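Notes follow the structure.
The values are calculated or read from the model by the stated rules, or taken from the named source; none is laboratory data. Model, not experiment: these values are computed from the prediction. Every residue, glycine as well, gets a Cβ built from its backbone with ideal geometry; the counts of neighbours run over all protein chains shown.
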Amino acid sequence: MKAIIGGTGVDALDGIPLKRTLVQTLYGEVELFVGDRLVFLPRHGSSHSLPPHLVNYRANVAALTELGVDQAIGIYAVGSISSALKPGEIGMVSDFVDFTGGSREQTFYTGGESGVRHIPMDDVFDASLKERMQTLSPRLKDAGVYVCTNGPRLETKAEIRLYARLGCDVVGMTLSTEVSLLREAGIRTLALAYSINWAAGVEQANVSFIGDEQIAVLREEMTQLCCKTLLI
Ligand code: HPA
């Protein structure tokens, strides 16, 4: 089984209707949309009710494992720090830097019965999925390095200047936690980012977002590309 993890729900993939399914996990119940060979997981819940720092990432990934998922592509909205990926563009993320904090549960390996493991992150994203997607979409951008902030507030201009100096290209609030858990679960993964704004202090005096219609078009394009990549 293959999975697409997105911010907002879809009710069909590749023209195939999906069935709303509830999966019980050790970490809580998860609502997913299940098709023949593909699962769609709306990470914030189907009504987009959970902010990024309160998403139950462990339950989400455990539910994918429960359904036998071994490959997943995540779709992430980002702000642009460098011109690697500009607002309105789609690209594959090459690596990440984690600046989250607070009380996010970032691991399945919490000691005791769960054990202790340190998952290598040298090559975060799956090379063969990457190659497949690149072949299907040769003009797809390299979105570069994703810096993950805790949110839900947006960053200050000083924070974005810092991330730029550290070599980060795009900023978002979900990828590092989700991808770390996917890797712990042994799920091969790829991350597709779409930029909806210049980050604070970049190019514009104040953050402003691209329109909802443009976002809907980008999401549709990415979902189709994910389906093709996963179902080859
Ligand atoms: N910052 C953090 N997360 C985001 C942004 C941003 O500017 N845009 C979309 N997700």
Inset, instruction - Determine if segment 131-150 includes at least one residue that is more than 30 Å from Leu231 (Cα to Cα) and at pLDDT 95 or above. - result: yes
Inset, instruction - Considering each of Tyr76, Tyr27 in turn, give the residue that is away from the ligand (no atom under 16 Å from the Cβ), aromatic (Phe, Trp, Tyr) and surrounded by 15 or more Cβ atoms within 10 Å (Cβ to Cβ). - result: Tyr27
Legend entry - Within segment 95-134, tally of residues that are in contact with a helix residue (DSSP H, G or I) (Cβ under 9 Å, 6 or more places away or on another chain) and hydroxyl-bearing (Ser, Thr, Tyr): 4
Legend entry - Meets criteria (under 22 Å from Tyr109 (Cα atoms), touching a helix residue (DSSP H, G or I) at 6+ places or on another chain (Cβ under 7 Å), modelled with pLDDT of 95 or more and of a type in the set (Lys, Arg)) for Arg188: yes
Inset, instruction - Restricting attention to strands (runs of 3 or more DSSP E) lying wholly within segment 126-232, give those where 3 or more residues are farther than 21 Å from Leu50 by Cβ. - result: 141-149, 188-198
Inset, instruction - Answer yes or no: is there a residue in segment 206-226 that is within 13 Å of the ligand (Cβ to nearest atom), among the hydroxyl-bearing types (Ser, Thr, Tyr) and surrounded by fewer than 21 Cβ atoms within 10 Å (Cβ to Cβ). - result: yes
Inset, instruction - Of the numbered conditions (1) in contact with a strand residue (DSSP E or B) (Cβ under 6 Å, 6 or more places away or on another chain); (2) within 23 Å of Ser180 (Cβ to Cβ), Ser46 fails exactly one; give the number of that condition. - result: (2)
Inset, instruction - Identify, by number, the condition in (1) within 14 Å of the ligand (Cβ to nearest atom); (2) among the aliphatic types (A, V, I, L, M); (3) in contact with a Phe, Trp or Tyr (Cβ under 8 Å, 6 or more places away or on another chain) that Ala185 doesn't meet. - result: (1)
Inset, instruction - State all residues of segment 128-146 that are closer than 29 Å to Arg165 by Cβ and among the aliphatic types (A, V, I, L, M); if no residue qualifies, say none. - result: Leu140, Ala143, Val145
Inset, instruction - State which residue is surrounded by the fewest Cβ atoms within 10 Å (Cβ to Cβ) when the search covers only segment 185-205 and only residues that are touching an Asp or Glu at 6+ places or on another chain (Cβ under 8 Å) and not basic (Lys, Arg). - result: Gly186
Inset, instruction - Taking only segment 141-154 into account, find how many residues are free of Cβ contacts under 8 Å to residues at least 60 places away in the same chain and closer than 18 Å to Lys86 by Cα. - result: 4
Legend entry - Cβ pairs under 9 Å, 6+ apart, first in segment 68-91 and among the basic types (Lys, Arg), second within 11 Å of the ligand (Cβ to nearest atom): Lys86/Ser80; Lys86/Ser195; Lys86/Trp198
